[in-house]
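Structure first, then comments.
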Amino acid sequence: MESLFLLVLGNTEISTVPGISVAGATPELTKLTPVADAEYLFHEKPLTIDVIPVTPEGHPTPAIITKAARELANFPVLVVRGGTYLAPLVPHVHVSDAIGRDFRKGPALPEFGEIIKRARLFGEELNKLPVKELVIGESTPGGTTTAQAVLWALGYDAKTSSASPNNPQDLKERVIGEAFERAGIGKGQLKDNPLEALRQFGDPMMATVIGLALGFRKSVVLAGGTQMLAVAALLKALGEDLNRFMIATTKWVVNDRSATFLETAKEIGIITYSADLDFSKSEFEGLRDYENGYVKEGVGAGGATWLAVKAGFSPEEVSEKVEELYRRLMEMKASP
């Protein structure tokens, strides 16, 4: 078993700020998105809620890409509860049920130390398996805002992506500005204190991935978009050698002109892989809209495609499998 795919689930109260996250049909439903994503990977549809996780416009969760890659390459998937409102109804490793708080009102993650400690223990145990590489994906609605706040606190002039073509950058900056004012800091003031940046502005997914990466001493693929840039920046600030790390994302994140993915990755000093998926000829509008800036990444979609490509499948074959899975979903939705 050369590679193991971990899906880390996290929630933050920031996802319920109206307009900041579209990782769910409504702000309130973003609380259920992580568990629904995890359940869909193992079943035909989620178990906790009787709907497929979608954006308000009806675009399907990127879990459909991860599921497609998994069905092709048959790599092992392990779900990790980093800190969510609910436990997923699939086998999983429990690290924490502490959710990220609204960082405008107080520190986002007082429990960061315990989360890192538990996740690190788990990572250390994974060293004993014949696994050479961890591919760590995430499902964390609102996580691009917490990521941008952490990057700013560490001194990076970064703009994170969004699951919408209309990146709510003004709203993110206003919310982050309120949090910085509450904490009494400015940009870059926590560059020498990364754990305080995590405590003040982070989320449980970040803490869990950091713990895993500190415990597991072999290769780590951070499977995600701009959220994983914040994880990489924290690891670098903690003194980790980033040569054993890479970020695997999708072309939609890389091509997002409202964000600074490649520029920030270069500044941090981490190599990146971009999955060249293409839904432009899909028969389904919900998938075609990925090419128009919707969704972009999540649930480790880029990393799962990386594993499928390593197993000998082409990005085209992954795209075709996604089409097949989406057709199945639509047929299920249409049946009484």
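The values are calculated or read from the model by the stated rules, or taken from the named source; none is laboratory data. From a predicted model like this one, the values you see are computed outputs, not experimental measurements. Using ideal geometry, Cβ is built from the backbone for each residue, glycine included, and neighbour counts are taken over all protein chains shown. Heads up: the accessible areas ignore ligands, DNA and RNA and are worked out on the full protein's heavy atoms, side chains in. Shrake-Rupley method; radii C 1.70, N 1.55, O 1.52, S 1.80 Å.
Under 7 Å between Cβ atoms, at least 6 apart or on separate chains: pull out the pairs that start in the range 230-241 with a residue that is at pLDDT 95 or above and end on any residue that is of a type in the set (V, I, T) and open to solvent by 10 Å² or more (accessible area, probe 1.4 Å).
Listed by first residue and then by second, the contacts come to A232/I270.
Name the residue that is most open to solvent (accessible area, probe 1.4 Å), counting only residues in the range 28-74 that are at pLDDT below 95 and of a type in the set (K, R).
K45
Test A87 against the criterion of being open to solvent by 10 Å² or more (accessible area, probe 1.4 Å) and at pLDDT below 95, and give yes or no. Please lay out each step first, then the result.
Details: open to solvent by 10 Å² or more (accessible area, probe 1.4 Å): yes; at pLDDT below 95: no.
Taking the combined requirement at face value, the residue does not satisfy it.
Are any residues in the range 117-176 among the small types (G, A, S), surrounded by fewer than 24 Cβ atoms within 10 Å (Cβ to Cβ) and more than 19 Å from the chain's Cα centre (by Cα), and if so, which ones?
G155
Would you check which residues across the range 127-185 are under 20 Å from L7 (Cα atoms) and not in a loop (DSSP other than H, G, I, E, B) and list them?
Once the filter is applied, which keeps residues that are under 20 Å from L7 (Cα atoms) and not in a loop (DSSP other than H, G, I, E, B), the range 127-185 yields E133, L134, V135, I136, G137, E138, S139, G143, T144, T145, T146, A147.
Go through (1) buried (at least 23 other Cβ atoms within 10 Å of the Cβ); (2) aliphatic (A, V, I, L, M); (3) over 23 Å from L29 (Cα atoms) for M205 and report which single condition fails.
(3)
Please indicate, with yes or no, whether at least one residue in the range 309-316 is open to solvent by less than 10 Å² (accessible area, probe 1.4 Å) and touching a Pro at 6+ places or on another chain (Cβ under 9 Å).
At the first step, the residues of the range 309-316 found to be open to solvent by less than 10 Å² (accessible area, probe 1.4 Å) are none.
No, the range 309-316 contains no residue that is open to solvent by less than 10 Å² (accessible area, probe 1.4 Å) and touching a Pro at 6+ places or on another chain (Cβ under 9 Å).
Of all residues in the range 103-128, count the ones that are closer than 22 Å to N243 by Cβ and out of contact with any helix residue (DSSP H, G or I) (no Cβ under 8 Å at 6 or more places or on another chain).
Filtering the range 103-128 down to residues closer than 22 Å to N243 by Cβ leaves 116, 119-120, 123-124, 126-127.
Then keep just the ones that are out of contact with any helix residue (DSSP H, G or I) (no Cβ under 8 Å at 6 or more places or on another chain); that gives none.
Total meeting the criteria: 0.
Give the range 166-183 a look and list any residue that's among the charged types (D, E, K, R) and without any contact (Cβ under 8 Å) to a residue 60 or more places away in the chain, or say none.
Initially, the range 166-183 is screened for residues among the charged types (D, E, K, R), giving 170, 172-174, 178, 181-182.
Scanning the range 166-183 gives D170, E173, R174, E181.
List the pairs whose first member sits in the range 98-112 and is open to solvent by 10 Å² or more (accessible area, probe 1.4 Å), whose second member is of a type in the set (A, V, I, L, M), and whose Cβ atoms are under 6 Å apart, counting only residues at least 6 apart or on separate chains?
What qualifies is R101/A108; R104/A179; E111/A98; F112/L198; F112/A207.
Which condition number does A265 fail, the rest of (1) assigned to a helix (DSSP H, G or I); (2) more than 17 Å from the chain's Cα centre (by Cα); (3) free of Cβ contacts under 8 Å to residues at least 40 places away in the same chain being met?
(2) is the only condition that A265 fails.
Just a yes or no: is a residue in the range 214-222 under 14 Å from the mean Cα position of the chain (by Cα), aliphatic (A, V, I, L, M) and open to solvent by less than 20 Å² (accessible area, probe 1.4 Å)?
Of the range 214-222, the ones under 14 Å from the mean Cα position of the chain (by Cα) are 221-222.
From what's left, aliphatic (A, V, I, L, M): 221-222.
Keeping just the survivors that are open to solvent by less than 20 Å² (accessible area, probe 1.4 Å) gives 221-222.
Yes, the conditions are met somewhere in the range 214-222.
With a cut-off of at least 2 residues that are under 30 Å from D241 (Cβ atoms), touching a residue at least 24 places away in the same chain (Cβ under 8 Å) and out of contact with any strand residue (DSSP E or B) (no Cβ under 6 Å at 6 or more places or on another chain), name the helices (runs of 4 or more DSSP H) lying wholly within the range 268-336.
On the way: elements: 285-288, 301-310, 315-334.
Helices (runs of 4 or more DSSP H) meeting the threshold: 301-310.
Among all residue pairs at least 6 apart or on different chains, which show Cβ distances below 6 Å where the first residue, located in the range 184-198, is open to solvent by less than 70 Å² (accessible area, probe 1.4 Å) and the second is of a type in the set (F, W, Y)?
L198/F112
With the checklist (1) of a type in the set (K, R); (2) out of contact with any strand residue (DSSP E or B) (no Cβ under 9 Å at 6 or more places or on another chain); (3) touching a residue at least 24 places away in the same chain (Cβ under 8 Å) in hand, flag the one item R257 doesn't pass.
Answer for R257: the failing condition is (3).
Suppose the filter is part of a helix (DSSP H, G or I) and of a type in the set (S, T, Y); does T208 pass it? Break it down stepwise before answering.
On the way: part of a helix (DSSP H, G or I): yes; of a type in the set (S, T, Y): yes.
Taking the combined requirement at face value, the residue satisfies it.
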